Amino acid sequence: MQKKNLSGQVAIVTGAGVGIGYEICRQLCLEGASVVLNDIDKNLSDIAAEKIRNEGGNCVAFSGDCSEISVIENLIKIAIESFGKLTIAIANAGITTYGNFLEYEPKSLDNLLKINLFGSFFLAQASAKQMISQQSGGRILLMSSVTGRIAHPNLAAYGMTKAALEQLAKNLVIDLSPYQITINTIAPGATLTERTVEDNDYQKSWSRITPMQKPATVEDIASAALFLVSPQAGHITGQSIAIDGGWTSVGVSPYL
Ligand SMILES: NC(=O)c1ccc[n+]([C@@H]2O[C@H](COP(=O)([O-])OP(=O)(O)OC[C@H]3O[C@@H](n4cnc5c(N)ncnc54)[C@H](O)[C@@H]3O)[C@@H](O)[C@H]2O)c1
């Protein structure tokens with residue numbers, strides 16, 4: 001029988017109780033990786049890890065706010081205690097706070113920066129330190145968004161955080177390449193998750209303006225993530241892949 005592509009790999013994925021992160025954990029496990037699944041909501045992370053175990057996956061839950069240094073340290077500790085090492089870290093957790101630029105409050109920006117940037121930065125740092133100590137390379141993936149590349153109404157602050165993550169990945173190429181650790185981002189476009197799947201207007205409006213005529217599924221996003229953290233992607237680093245059905249490739253046109 002063929003060996004699974006990610007057998008022997010150990011991953012951490014944050015914000016993974018539902019949505020894109022959950023599907024990434026599920027696909028990692030289906031490909032043979034062992035996964036520490038994090039969510040701020042204990043109930044969600046416990047249920048999610050159990051669902052994956054019921055499908056035969058090797059998955060443990062650890063709940064907590066992944067923008068807290070103590071939670072990040074614990075995630076690494078649990079990966080080592082449960083599975084002996086850490087080879088893949090995926091900073092998926094992120095919040096989307098819509099808000100008019102002229103009225104955006106410091107409190108909202110503080111919270112957004114903490115989760116989207118502080119949490120991702122320090123997960124990358126702690127994971128890199130662990131991977132360096134193991135001396136066998138590794139994969140780090142950050143979660144961007146198409147709105148980090150293209151302006152979108154009421155997403156100035158959110159888009160700024162996602163653009164920053166893409167630049168962080170490029171910069172860390174300098175720090176991490178000598179250790180054979182790759183660092184990339186993926187930039188999903190509109191994606192159907194538990195939050196949006198029941199919303200017919202969301203589906204209809206994104207289908208109308210997306211060249212591929214539909215929003216992404218969580219499977220579309222997870223497949224790209226899995227490739228970038230796989231052994232096959234060992235020479236790809238500092239890059240960002242948009243999974244957007246072509247949305248960022250096409251400008252506004254009077255003829256479309
Ligand atoms: N869904 C989309 O259309 C879309 C598009 C582009 C980018 N993204 C990005 O993809 C990532 C996942 O998006 P999603 O829509 O699947 O997420 P989501 O909003 O459905 O949330 C996923 C989970 O993250 C958890 N979470 C929130 N804050 C957390 C924290 N501080 N610590 C730990 N867990 C936390 C939530 O409890 C939730 O279960 C985010 O970074 C988001 O910005 C999503």
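Within region 153-248, considering only helices (runs of 4 or more DSSP H) that don't extend past its boundaries, which have at least 1 residues that are in contact with a Ser or Thr (Cβ under 7 Å, 6 or more places away or on another chain) and closer than 29 Å to S127 by Cβ?
On the way: elements: 156-176, 200-209, 218-228.
Those helices (runs of 4 or more DSSP H) span 156-176, 218-228.
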Check: Do we find that G251 is in a loop (DSSP other than H, G, I, E, B) and at pLDDT 95 or above in this structure?
Finding: no
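Quickly run through region 58-81 and pick out the residues that are among the hydroxyl-bearing types (S, T, Y) and farther than 22 Å from A222 by Cβ.
Within region 58-81, the first condition is being among the hydroxyl-bearing types (S, T, Y), and the residues that meet it are 63, 67, 70.
Within region 58-81, S67, S70 qualify.
Looking for something within 9 Å of the ligand (Cβ to nearest atom) and more than 22 Å from L28 (Cα to Cα) - is there at least one such residue anywhere in region 127-136? Give the steps one after another, and end with the answer.
In the first step, residues of region 127-136 are kept if they are within 9 Å of the ligand (Cβ to nearest atom); the result is none.
The answer is no; no qualifying residue exists.
So, P153, is that one free of Cβ contacts under 8 Å to residues at least 24 places away in the same chain and within 16 Å of the ligand (Cβ to nearest atom) or not?
Details: free of Cβ contacts under 8 Å to residues at least 24 places away in the same chain: yes; within 16 Å of the ligand (Cβ to nearest atom): yes.
Considered against the rule, which asks whether it is free of Cβ contacts under 8 Å to residues at least 24 places away in the same chain and within 16 Å of the ligand (Cβ to nearest atom), P153 comes out as yes.
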Next item on the list: Test each condition in (1) near the ligand (Cβ under 10 Å from one of its atoms); (2) over 19 Å from T96 (Cα atoms) for I209 and report the one that comes out false.
Entry: (1)
Check: Only one of I24, I20, I52, I12 is closer than 24 Å to G138 by Cβ and either without any contact (Cβ under 8 Å) to a residue 12 or more places away in the chain or in contact with a Lys or Arg (Cβ under 7 Å, 6 or more places away or on another chain) (or both); which?
Finding: I52
Notebook entry, point to check: Residue check, W206 against (1) over 13 Å from the mean Cα position of the chain (by Cα); (2) more than 17 Å from T147 (Cα to Cα), all met but one. Which one?
Noted result: (2)
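Mind checking which strands (runs of 3 or more DSSP E) fall wholly inside region 9-122 and carry at least 2 residues that are within 11 Å of the ligand (Cβ to nearest atom) and closer than 30 Å to A157 by Cβ?
Working: elements: 10-13, 34-39, 58-63, 88-91.
By residue number, 34-39, 58-63, 88-91.
The values are calculated or read from the model by the stated rules, or taken from the named source; none is laboratory data. Everything numeric here is computed off the predicted structure, so don't read it as measured data. FYI the Cβ positions are ideal-geometry reconstructions off the backbone, even for glycines, and counts take in every protein chain you see.
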